[in-house]
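The values are calculated or read from the model by the stated rules, or taken from the named source; none is laboratory data. Because the structure is a prediction, the values reported are computed rather than measured. Here the Cβ positions follow ideal geometry from the backbone for every residue, glycine too, while neighbour counts run over all protein chains shown. The accessibility values were calculated without ligands, DNA or RNA, using every heavy atom of the protein model including side chains. Shrake-Rupley method; radii C 1.70, N 1.55, O 1.52, S 1.80 Å.
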Amino acid sequence: MVDLPREVIEMFDNENCDKTKPLVWISTLGVMDKEGSPHLAPVCFTKVINKNQILVAINFATKTMYNVETYSKVAVGTAKHYEGFLIKGSGFILRKGSQFDLVKEMVKVRFGDKIKPIAALLIYVEEVYSLKPGPGSKRIV
């Protein structure tokens, strides 16, 4: 099991979609096109729920959702001024239960009833990499 370092948790934890924090980008394998192209989508409602799981609100990213349901492998990254991290793991789409309820509450606090999540993405972290420029191995966990 991977334990996310404190600095990684701080960069990925953004349950209120704080605009001063960088967006998180989710990369998935494409299934909605003939070539199986990679897909990339920005999200801002993210919550580290323990040291190896990240919960993400899926508000509009239906292509991401379908890709995760088919292949499960995801990569998420975020960076701000040469500091950043890439996380690789397995994702699961949740449409009910306490974690989906948590995502709905996160979005409601920020936007009221204007936006309603269609699902939650639960990511089980398997690898963590630094995105800081420089030579050598970037894997930190």
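Values computed for the structure shown
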read-out	value
Highest-first arrangement of 49-61, 81-93, where packing means the average Cβ count within 10 Å	49-61, 81-93
Accessible surface, per residue, of the chain when the full set of protein chains is kept, probe 1.4 Å, Å²	56 Å²
For the chain, size of Cβ-based charge dipole, Lys and Arg +1, Asp and Glu -1, in debye	200 debye
Among (1) 53, 31, 26; (2) 46, 37, 28; (3) 49, 36, 32, the entry derived from the coordinates for Cα extents along the principal axes in Å	(2)
